[in-house]
Every structure is written in structure tokens, then in C-alpha cells.
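Have a look at the structure below, then the notes.
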Ligand code: FEO
């Protein structure tokens, strides 16, 4: 059984994950608008991943006898100065999500909710992966600078990403 405090905080995280999905979906339209279909496809996969994160917490709240309360999702930004600017925003956002997950673990421990603490460990590892993936693309974009042909090649590479549902991950 979740404590009221834990239930409230997990509900906030469901909202944060769905907001992440919304933010990245906004980036899908941005990359489409500047003619980068590979970046757009990459962000679409990221959007699906965030929905899966939100649903994972949604299921945990239900399974632990809590009630999911869906709140309004904040309007995301819709334009960025460049692909690098968008990926910098994505990295900042992932760092923010990491801090929220860390805080949730602190709360689970304070509430002596070992099941939620254990459940959140998956998210701790996932955030390491999220920050690494987004950080690597930031590094590549910095190296590319104004080189249009290198950007075209990276776009082709990004387009190969396929969404893997979290349950299928190791
Ligand atoms: Fe659900 Fe990208 O963190």
C-alpha cells in the first residue's frame, strides 16, 4: 500500500513523464519543419519511450493500491534556434527528470516503501542511459557545427532508431 505522500509524488512523476513525451513530440514537429526527418523519427521514438515511462509508474501506483490522478500537462516550447539548441534543451530536461527520480527514491526511503524504492531503481538506470544518449548527440552536434553534409549524415543515422518498449529491454 502506498502512503498518501508517495502516491502524490508518483502522480507528479506520471505528469512529468507525459510532459516529457509532449516536449519531445513538439521537437518532432520542429525537426520536421527544418527538413531533418531522421532527427524527427528519433524524437518520435523518444516520445513513445516517455509514454511508456509514464505508464510504468501508472501501473505501479495501481498495483500498490493507489489512485492515479491525471493533471493538466504543461504546454511545451515549440521552437528552437538550431538542432543543437533543441538537444541542449533535451539534455537539461533529462537532468531535471533524473533529479526528480532521485528525489522520489529519497521519499520512498523516508516512507519506508521498499517496493517503490526497488521499482524506482529501474528508472535510476534508465536515466543514466537517457542522459548518455542525449549527451552523445549533443557532442556530435557540437563537432558538426555548420557542416551541412555532416548534419545530413547524422540525420540518416538518427533515422535508424527503433522504439523498444521498456519491458523488452534487458
Ligand atoms: Fe522518462 Fe527521458 O525520462
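Rule-based calculations on the coordinates, nothing more; no lab input. All of these numbers come straight from a predicted model, not from anything done at the bench. Reconstructed Cβ throughout: ideal geometry from the backbone, glycine too, with neighbour counts over all protein chains shown.
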Nitroxide proxy distance, nm - points 7 Å out along Cα→Cβ at residue 102 and residue 149: 4.3
Angle between the chain longest axis and helix 83-110 axis [Cα atoms, degrees, rounded to 10]: 10
Helical contribution to [θ] at 222 nm, DSSP H n ≥ 4, -39,500 (n - 2.57), averaged over the chain, rounded to 500: -26500 deg cm²/dmol
With Cα atoms, 0 to 90° folded angle of helix 148-158 axis to the chain main axis: 40
GNM top mover of 16, 45, 77 - the chain, alpha-carbon springs below 10 Å: 77
Pairwise FRET efficiency - residue 142 versus residue 55, Cβ, R0 = 30 Å, nearest 0.05: 0.35
Global form of the stretch 1-129, assessed from the alpha-carbon gyration tensor, a/c cut-off 1.5: prolate
Residue among 44, 100, 148 with the largest mean-square fluctuation in a Gaussian network model of the chain, springs linking Cα atoms under 10 Å: 148
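May I ask you to derive the relative contact order of the chain, considering only C-alpha pairs under 8 Å and at least 6 residues apart, and to give it as an integer percent?
Once normalised by length, the contact order is 33 percent.
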The stretch 23-52 residues near the modelled residue 85 label - backbone nitrogen below 13 Å, point 7 Å along Cα→Cβ: 30-31, 34
Packing-based exposure ordering (other Cβ within 10 Å, fewest first) of 51, 34, 57: 34, 51, 57
On Cα atoms only, tilt of 37-63 relative to the major axis of the chain in degrees: 0
Label-to-label distance, nm, for residues given as residue 92 and residue 67 (7 Å Cα→Cβ offset): 3.7
Nitroxide proxy distance, nm - points 7 Å out along Cα→Cβ at residue 5 and residue 122: 2.5
Peptides 82-95, 110-123 ordered by average Cβ neighbours within 10 Å, highest first: 82-95, 110-123
